[in-house]
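For reference, the structure is listed below as C-alpha cells.
Any read-out appearing in this document is the output of simple, stated calculations on the displayed coordinates, not a laboratory observation. Small disclaimer: the values here were computed from a predicted structure and weren't measured. Don't worry about glycine lacking a Cβ; one is built from the backbone with ideal geometry, like all the others, and counts go over all protein chains shown.
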Amino acid sequence: MIPGRSSRVMAAWLFLMGATVLSWYLGDGHGARQFATVVVLAVAFIKVYLVGRYFMELREAHRALHLLFGGWTVVVCAVLIAMFIATDS
C-alpha cells in the first residue's frame, strides 16, 4: 500500500458521508427550493468525481483519462444545472 493513501481515502469517504448528509438536509425542504436543488446537483457531481478518483482508481490512471473524467463531470453538472434554472418557473 502507498504510504498516506489510506488517510486520503478515509478523508474522501468522510467527505462523501458529510456531503450525503448535506444533500439529504437540503432535499428535505431546508432552504429555498431552487438554491437547494442547485446545491444538491453540485454536491452529487462532486461525489461522482471523488468516487471516481479515490474508489475507482482514476487517481493512478493516465493523466488524459483523469482530465477527461474531470471535464465530463464539470460539463454534465453545468448542463444539468443550466437546464434546471432555464426550465424552473
Task: Hz values of 3J(HN,Hα) by residue in region 6-16 - Karplus curve (6.51, -1.76, 1.60), Gly and Pro given as x - done: 5, 5, 5, 5, 5, 4, 5, 4, 5, 4, 4
Task: Karplus (6.51, -1.76, 1.60) ³J(HN,Hα), θ = phi - 60°, over region 82-88, in Hz, Gly and Pro reported as x - done: 4, 5, 5, 5, 5, 9, 6
Task: Residues whose placed amide H lies under 5 Å from that of Ala61, excluding near-sequence neighbours - done: none
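Report the Stokes-Einstein translational diffusion coefficient (µm² s⁻¹, integer) for region 33-72, Rh taken as the Kirkwood radius over Cα pairs, at 37 °C with viscosity 0.692 mPa s.
Rounded, D is 301 µm²/s.
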- [ ] Determine, at each q value in 0.14, 0.20, 0.23 (inverse angstroms), the log₁₀ of I(q)/I(0) that the Debye formula gives when each Cα of the chain is one equal point scatterer.
- [x] -0.59, -0.98, -1.12
Task: Protection-proxy order for peptides 11-20, 38-47, each taking the mean of Cβ atoms within 10 Å per residue, highest first - done: 38-47, 11-20
- [ ] Return the sequence-ordered ³J(HN,Hα) values of region 42-56 in whole Hz as given by the Karplus equation 6.51 cos²θ - 1.76 cosθ + 1.60 applied to θ = phi - 60°, using x for Gly and Pro.
- [x] 4, 5, 4, 6, 5, 5, 4, 4, 5, 5, x, 6, 9, 10, 10
